[in-house]
Amino acid sequence: MSNTSSLSIETPGRERLRRRGDARRLEILRAAGRIFRQRGYAQAGMRDIAAAAEISSGNLYHYFRGKHEILYFCQDRTLDTMLQALASTRSSGGSALERLRQVLTAHVFTILDDVEGTAAHLEVDALPADLRTTIICKRDRYESGLRRLIGEVIHEERLPQRDPRIITRAMLGALNWTVRWYRPQGPASVKMVARELTDFLMGGLTASGDGGAAGQFGSQGGRT
């Protein structure tokens, strides 16, 4: 006799409730993102987040145990999306240059347009140690994947010898810092920021690097 009584069976009603709960969590994350952007993580409170999400403070605690858990879910969801974009490009069949452009563009859209205001993406040190370890592991996986892709670009395009580690961190710094200065109400759309920043970073990577400007600077023997 099968022991079906011990199995957890998700009925259509439970499935609807689960999906509704997931959708509500995402709404809360978006609201929290706006508050983190406006006030900074340290100054944001659960009451502020509840008000932005248009729910009671008590109801907010039904979904998240505290501000640190909201921060964790913001970062975890963002990194999962970025890792998925990185994995998708590997199977796309395009050149390394094309795949890098796709990854950089997806990065901007993810942190600016997905969970709004993921300035929380930069607040890793605010997490408790156990949650921080999980996020750092995912962040390191993403950085390693991006570094490998940049190395492929350098090899395929026969670019001058460059250090992928330095390039990767410079690119991530530029990409992640957009959450500090981008304003949704401003004149630039997320699409425009993604295009302009990606063009700039790709242009720097593929520049000839003949050292002309550096040579002129060195020959002058001084600073401007």
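The values are calculated or read from the model by the stated rules, or taken from the named source; none is laboratory data. It should be emphasised that the depicted structure is a prediction, and the values quoted were computed from it without experimental measurement. Cβ: placed from backbone, ideal geometry, glycine included. Neighbour counts: every protein chain shown.
What to note about this one:
- Residue in the range 172-187 that is farther than 30 Å from Glu69 by Cβ, hydrophobic (A, V, I, L, M, F, W, C) and part of a helix (DSSP H, G or I) present: no
- Qualifying residue in the range 149-169 (condition: in contact with a Leu (Cβ under 7 Å, 6 or more places away or on another chain) and among the basic types (Lys, Arg)): no
- Phe36 out of contact with any Lys or Arg (no Cβ under 7 Å at 6 or more places or on another chain), modelled with pLDDT of 90 or more, buried (at least 16 other Cβ atoms within 10 Å of the Cβ) and of a type in the set (Phe, Trp, Tyr): no
- Criterion (more than 22 Å from Ala170 (Cα to Cα), out of contact with any Asp or Glu (no Cβ under 8 Å at 6 or more places or on another chain) and either of a type in the set (A, V, I, L, M, F, W, C) or at pLDDT below 90 (or both)) met by exactly one of Ala129, Ala119, Ala85, Ala106: Ala129
- Looking only at residues of the range 4-33 that are of a type outside the set (D, E, K, R) and surrounded by 11 or more Cβ atoms within 10 Å (Cβ to Cβ), we find that the one that is modelled with the lowest pLDDT is Leu17.
- Selection within the range 37-78 - without any contact (Cβ under 8 Å) to a residue 60 or more places away in the chain and aromatic (Phe, Trp, Tyr): Tyr61, Tyr63, Phe64, Phe73
- Test: residue in the range 65-79 that is in a helix (DSSP H, G or I), touching a Pro at 6+ places or on another chain (Cβ under 7 Å) and not hydroxyl-bearing (Ser, Thr, Tyr): yes
- Cβ-Cβ contacts under 6 Å between residues 6 or more apart (or on different chains), taken from a first residue in the range 134-151 that is closer than 21 Å to Gly93 by Cβ to a second residue that is part of a helix (DSSP H, G or I) and aliphatic (A, V, I, L, M), are listed as Gly145/Leu86; Leu149/Leu100; Ile150/Ile167.
- Considering residues of the range 152-171 that are part of a loop (DSSP other than H, G, I, E, B), in contact (Cβ under 8 Å) with a residue 24 or more places away in the chain and not aliphatic (A, V, I, L, M) only, the residue surrounded by the fewest Cβ atoms within 10 Å (Cβ to Cβ): Pro160
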